[in-house]
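The block underneath contains the structure these notes are about, expressed in structure tokens.
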């Protein structure tokens, strides 16, 4: 019989399992937020506190700050860490000073000219 991706076809359909709608919604949010998501954003599509705990136990969510999670893997980029900090501080929070500058351009530390 003809194989599908190395699997024999015995009259059954071999398909890739789609993400459940809730997980797909979480992934879309995390994509826009450098891999992070806040608890209110998790609750908005219907994720309960119990479901959040289960996702933490299964390794799908990784606590970064109180109420802020990395989605899928614990490691975050610099932009992900900045986003997590802003989310943890709540509405109206922004980056400032060096973090804000570094998020926009590559910044080098100034050194005075030698004499």
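The values are calculated or read from the model by the stated rules, or taken from the named source; none is laboratory data. These numbers come from a predicted model, not from an experiment. So basically every Cβ, Gly included, is an ideal-geometry build from the backbone, and we count neighbours across all protein chains shown.
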Picked from segment 1-56 (must be in contact with a strand residue (DSSP E or B) (Cβ under 7 Å, 6 or more places away or on another chain), modelled with pLDDT under 95 and not in a helix (DSSP H, G or I)), the residue surrounded by the fewest Cβ atoms within 10 Å (Cβ to Cβ) is 1
Can residue 59 be described as in a loop (DSSP other than H, G, I, E, B), surrounded by fewer than 15 Cβ atoms within 10 Å (Cβ to Cβ), modelled with pLDDT of 90 or more and out of contact with any helix residue (DSSP H, G or I) (no Cβ under 6 Å at 6 or more places or on another chain)?
yes
